[in-house]
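Right, one structure below, let's go through it.
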Amino acid sequence: MTPRTPNAEELERKRHAAALMRADRQGVLVSSPFLGVLAMRLELVPVIDSRVPTAVTDGHAVYAHADFWLELGEAQRLFVLGHEIWHCALQHFARRLGREPRRWNLAVDHEVNDLLVREGFEPLAGAVHFERLRGENAESVYERLGEMGGLPERDPRHADLHELPGPDPSTSIQDPDYAPRQDPEIWRSWATRVRAAAQQAHAAGTLPGWLQARIEAAGQPSVPWQRYLQRFIQQVRGGGTRWLPPSRRHWGRGLYLPSRRTERLDLAVAVDTSGSTVEHWPQFRAELGGILRTCDDYRLRLLQLDTRVTDDQVYTPSQPLPAALPIHGAGGTDLRAPFEHIQDAPPTALVVMTDGFGPTPEQPPAYPVLWALTPGVSRKPGWGQTTAMRANGCG
């Protein structure tokens, strides 16, 4: 069977749906100025295509089946459009890495829908939303779902697509307007778009504090942590398992991820929260998120410090790093503090995020140390390995 293109009656429905989509973009702008600014960066393309029963995005455009769009009420359409925008803003397709697709689809839908519900959008009936997991990001939800006996089903009548359908001669209708692009680089531009939209909304006083914290938490890290952790840590043990060597099946994609027999990344991170680094805290938070997204399971001991260690917490998938992580410190700087603090229980490895201004131990410890320095820092410690963050987290 040779697929046909939309007929005259279907083209008329597409025109009607196109007018609604343009109006809905304005509706999102009114409901959420932050999302509305991002909506302006997406093409809105109604289609009559058997491969796209609901909606899908490639980061450049939102494709929606015209009949699906016409069946929805205005509030539901705004929810679906916001859903696709958040998928792009949170770079869910780039964050999946080697995770199991079905569980990841549920996790990212929860993260998106939870944000939309909190902003006051009216969800579709049957939308994925786990009440007991409110406020948790997709990586954390993915782990929690793994602890369940079975996974719930996504309602195919309302669920968007998370994989881009390609040519399929067995389908009855294929719309030439459905022309998604396979462009991995698009997610890099979305990191910039999100920062710009957040700054604009913040300046206008329309960005809630909780939403700003979530945006910062999901920010794009500037350090390629998969590669750095693979090089930096020769053997990270946790629960009797090895984090290295990485999974060979991801090498061709340039990713260094835990192998199947590996279950945990065990790492300590010391964050310099002295007065000179306050402006870098959003980037530090993004880098922390980047570290945790390198694996499915982790034990992160997070130290905050100025002239002393001001906070010492352990985070795991069951007790995840909060999006709105409070800063403890803002005083002077003494980079010897975390080393003295953990000398009775030394970590397998330590990452120190700092601007480098402050005294450091004269001698290196027995465990490996990686100094992650803020942009433009020329002063480096005399030992350990170093990496430089890029300005604005543009990795």
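Starting from the Cα gyration tensor of region 1-110, take the square roots of the eigenvalues, sort them a ≥ b ≥ c, and report rounded, prolate or oblate (rounded when a/c is under 1.5, otherwise prolate if a/b is larger than b/c, else oblate). Cα axes put region 1-110 in the oblate bin. Calculated mean residue ellipticity, 222 nm, the chain: -10500 deg cm²/dmol, from DSSP H runs (n ≥ 4) at -39500 (n - 2.57) each, averaged per residue and rounded to 500. Does anyone have the angle between helix 74-89 and the longest principal axis of the chain? Alpha-carbon axes, 0 to 90°, nearest 10? It works out to around 40 degrees. Counted over the chain, the DSSP beta bridges are approximately 30% antiparallel. Nearest 10 degrees, 0 to 90: what angle lies between the long axis of helix 8-31 and the longest principal axis of the chain (Cα atoms)? Tilt of helix 8-31: around 40 degrees. Shown is the FRET efficiency for Glu131 and Met40, computed with R0 = 35 Å from the Cβ-Cβ distance and rounded to the nearest 0.05: 0.60. Taking the charge dipole of the chain about its Cα centre, with +1 at Lys and Arg Cβ atoms and -1 at Asp and Glu Cβ atoms, the residue from Thr273, Gly135, Leu124 reaching farthest to the positive side is Thr273.
Computed 3J(HN,Hα) for region 337-352, one whole-Hz value per residue from the Karplus formula 6.51 cos²θ - 1.76 cosθ + 1.60 where θ = phi - 60°, is 4, x, 5, 5, 5, 9, 5, 7, 9, x, x, 5, 7, 9, 10, 10, glycine and proline marked x.
Counting only trypsin sites (Lys or Arg not before Pro) that DSSP places in a loop and that have at most 12 other Cβ atoms within 10 Å, the longest clean stretch of the chain runs over 1-133. Take every Cα pair under 8 Å whose residues are at least 6 apart in sequence, average their separation, divide by the length of region 8-215, and the relative contact order is 27 percent. Could you compute the longest span of the chain free of GluC sites (Glu not before Pro) located in DSSP loops and having at most 11 other Cβ atoms within 10 Å, not counting the site residues? With a cap of 11 other Cβ atoms within 10 Å, the longest stretch comes to 186-361. Rounded to the nearest Hz, the phi-derived 3J(HN,Hα) couplings of region 279-290 under the Karplus curve 6.51 cos²θ - 1.76 cosθ + 1.60 (θ = phi - 60°) are 5, 8, 4, x, 5, 4, 5, 5, 5, 4, x, x, where x marks glycine and proline.
Centre-to-centre separation between the Cα atoms of region 321-395 and those of region 95-144: 33 Å.
Quick one: grab the alpha carbon gyration tensor of region 96-193, order the square roots of its eigenvalues as a ≥ b ≥ c, and give me rounded if a/c is under 1.5, else prolate or oblate depending on whether a/b is larger than b/c. The shape class here is prolate. Relative to the longest principal axis of the Cα atoms of the chain, the long axis of helix 101-119 lies at roughly 90 degrees.
Here the contact order of the chain, divided by its residue count and restricted to Cα pairs under 8 Å and six or more residues apart, works out to 14 percent. Note on Rg/Rh (Cα atoms, Kirkwood Rh): of the candidates [x] 1.22; [y] 1.01; [z] 1.04, the value calculated from this structure sits at [y].
Read the figures in this text as sums done on the coordinates, not as results from a lab. Being a predicted model, the structure only gives us computed values, none of them experimental. Using ideal geometry, Cβ is built from the backbone for each residue, glycine included, and neighbour counts are taken over all protein chains shown.
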